[in-house]
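**Student:** The structure that follows is given in the form of structure tokens.
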Amino acid sequence: GTAAMLCRGHETWHPNPEFYYKSGGGPLLDMGPYYLTALVHLLGPVAEVTGMVATSFKERLITSKPRNGQKISVDVPTHSSAVLKFLSGAVVSLQTSFDVAGTKIPPIEIYGSEGTLQVPDPNTFGGVILWKSRNQSEWKEIPFSHSYHENWRGMGLADMALGMIQGRPHRASGELAFHVLEVMESLSSDQGKKIHIQSQVQKTKPLSLFMQEGLEEQWS
């Protein structure tokens, strides 16, 4: 598969964007959790990674208010190209960048033996699901199986609370967060080297198909 979060940076809209370019910032640590979490849910845990990073611009000009016209020094990589090998055997290329003026690359595509699956932006969740069968010439839109798919950022927290009540594992677990963090730190630390990921996490089951808007008690 492929995954890509490519933009020109946040200094055009964020009121105080400097922290994006300091220690702990950059596109991989900023946006990687959305994309990597989605990929782990789709394909299972990551087994090993390799990648390269670059800093394309040493200085940024803020064009958003109230700091319009001020300049930011850049201390972190602002472009990352990575290859992830999953425990399942799947191989995915992941690009994250604050150095791209525009792109038409879809956020996530999964390539399988029967066709290609294109899923919406994992940051805002909006958009459509598209499927291209190997036996068909046209893309087909797949309807959503659940409600709450338009930027509904509270779903993971709601599932966590309900999981605690029901005594079952929840999907937004500490194990998942740690696994995603280890993948990002591995890609940030060693350029060009293949790194084995030590942590593992169980692939979570999809939300129950009985879950509908306004009927949260049916979640399982």
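**Student:** As an exercise, use a Förster radius of 22 Å and the Cβ-Cβ distance of Lys205 and Trp152 to find the FRET efficiency, rounded to the nearest 0.05. Let's see the in-between values first.
**Tutor:** Working: r = 19 Å, r/R0 = 0.86.
According to the calculation, E is roughly 0.70.
**Student:** Please find the FRET efficiency linking Arg168 to Ser88, where r is the Cβ-Cβ separation and R0 is fixed at 25 Å, and quote it to the nearest 0.05. Could the numbers behind the result be given before it?
**Tutor:** Numbers: r = 24 Å, r/R0 = 0.94.
Once rounded, the FRET efficiency stands at 0.60.
**Student:** Rounded, prolate or oblate, given the Cα gyration tensor of the range 37-77, with a/c below 1.5 counting as rounded? Mind dumping the intermediate values first?
**Tutor:** Values: a/c = 6.03, a/b = 2.19, b/c = 2.76.
Verdict is oblate for the range 37-77.
**Student:** Please give the calculated 222 nm ellipticity per residue for the chain, where each DSSP H segment of at least 4 residues contributes -39500 (n - 2.57) and the sum is spread over every residue; nearest 500 deg cm²/dmol?
**Tutor:** Values: 3 runs with 45 residues, N = 220.
Calculated at 222 nm, the ellipticity per residue is -6500 deg cm²/dmol.
**Student:** What number comes out for accessible area per residue over the chain if the probe is 1.4 Å? Units Å², please.
**Tutor:** Working: 12170 Å² over 220 residues.
Ligands and nucleic acids excluded, the figure is 55 Å² per residue.
**Student:** Within the accessible area of the chain, what % is carbon and sulfur when the probe is 1.4 Å and the other protein chains stay in place?
**Tutor:** Details: 7030 of 12170 Å².
Exposed carbon and sulfur together represent 58 percent of the surface.
**Student:** Follow-up question, since we're still on this one. For the chain, what number results from the quotient of the Cα radius of gyration and 2.2 N^0.38 Å?
**Tutor:** On the way: Rg = 18.7 Å, N = 220, 2.2 N^0.38 = 17.1 Å.
Relative to the 2.2 N^0.38 Å estimate, the chain comes out at 1.10.
**Student:** Once you have a ≥ b ≥ c as the square roots of the Cα gyration tensor eigenvalues for the range 78-196, tell me rounded if a/c is under 1.5, and otherwise prolate or oblate according to whether a/b is larger than b/c. Could the numbers behind the result be given before it?
**Tutor:** Details: a/c = 1.58, a/b = 1.03, b/c = 1.53.
Since a/c reaches 1.5 but b/c is at least a/b, the shape of the range 78-196 is classed as oblate.
**Student:** Something else now. Which of the lysines could be linked to Lys71 by a straight reach, that is with a Cα gap under 30 Å, when you skip same-chain ones fewer than 8 residues away?
**Tutor:** Lys22, Lys58, Lys104
**Student:** May I ask you to derive the FRET efficiency for Phe178 and Asp75 from their Cβ-Cβ distance with R0 = 22 Å, giving the value to the nearest 0.05?
**Tutor:** On the way: r = 25 Å, r/R0 = 1.15.
For R0 = 22 Å, the calculated efficiency reads 0.30.
**Student:** Quick check: pseudo-label points 7 Å beyond the Cα along Cα→Cβ at Thr12 and Gln198, how many nm apart are they?
**Tutor:** It works out to 4.1 nm between the two label points.
**Student:** Can you give the charge dipole size of the range 1-121 about its Cα centre, rounded to the nearest 20 debye, using +1 on the beta carbon of Lys and Arg and -1 on the beta carbon of Asp and Glu?
**Tutor:** Working: 9 positive and 10 negative charges, 84 e Å.
The dipole of the range 1-121 has a size of about 400 debye.
**Student:** Quick one: length gained pulling Ala101 to Glu48 fully straight, 0.36 nm per residue minus the C-alpha distance?
**Tutor:** Working: separation 53, 0.36 × 53 = 19.08 nm, distance 3.03 nm.
Gain in length upon complete extension: 16.1 nm.
**Student:** Something else now. Considering only His196, His146, His41, give the residue with the highest GNM mean-square fluctuation for the chain, with springs between Cα atoms whenever their separation is below 10 Å.
**Tutor:** Of the options given, His146 has the highest mean-square fluctuation.
**Student:** Shape verdict for the range 54-124, please, from the Cα gyration tensor: rounded (a/c under 1.5), prolate (a/b greater than b/c) or oblate. Present the calculation step by step, with values, prior to reporting the outcome.
**Tutor:** Numbers: a/c = 3.67, a/b = 2.15, b/c = 1.70.
Here the range 54-124 falls in the prolate category.
**Student:** If you plug each phi of the range 151-165 into the Karplus form 6.51 cos²θ - 1.76 cosθ + 1.60 with θ = phi - 60°, what whole-Hz ³J(HN,Hα) values come out, in order, with x for Gly and Pro?
**Tutor:** With the stated coefficients, the range 151-165 comes to 6, 8, 7, x, 5, x, 5, 5, 5, 4, 4, 5, x, 5, 5 Hz.
**Student:** How large is the charge dipole for the chain, taken about the Cα centre, if only the Cβ atoms of Lys, Arg (+1) and Asp, Glu (-1) carry charge, to the nearest 20 debye? Show your work: numbers first, answer last.
**Tutor:** Details: 19 positive and 21 negative charges, 81 e Å.
Roughly 380 debye, rounded to the nearest 20.
**Student:** Explain nothing, just the number: dipole magnitude of the range 65-162 about its Cα centre with +1 on each Lys and Arg Cβ and -1 on each Asp and Glu Cβ, in debye rounded to the nearest 20. Mind dumping the intermediate values first?
**Tutor:** Values: 9 positive and 9 negative charges, 60 e Å.
Dipole size: approximately 280 debye.
The values are calculated or read from the model by the stated rules, or taken from the named source; none is laboratory data. As the structure is a computational prediction, the values presented were derived from the model and not from experiment. Positions of Cβ are generated from backbone atoms using ideal geometry, with glycine treated the same way; all protein chains shown enter the neighbour counts. Note: accessible area is taken over every heavy atom of the protein model, side chains too, but ligands, DNA and RNA are not part of it. Shrake-Rupley method; radii C 1.70, N 1.55, O 1.52, S 1.80 Å.
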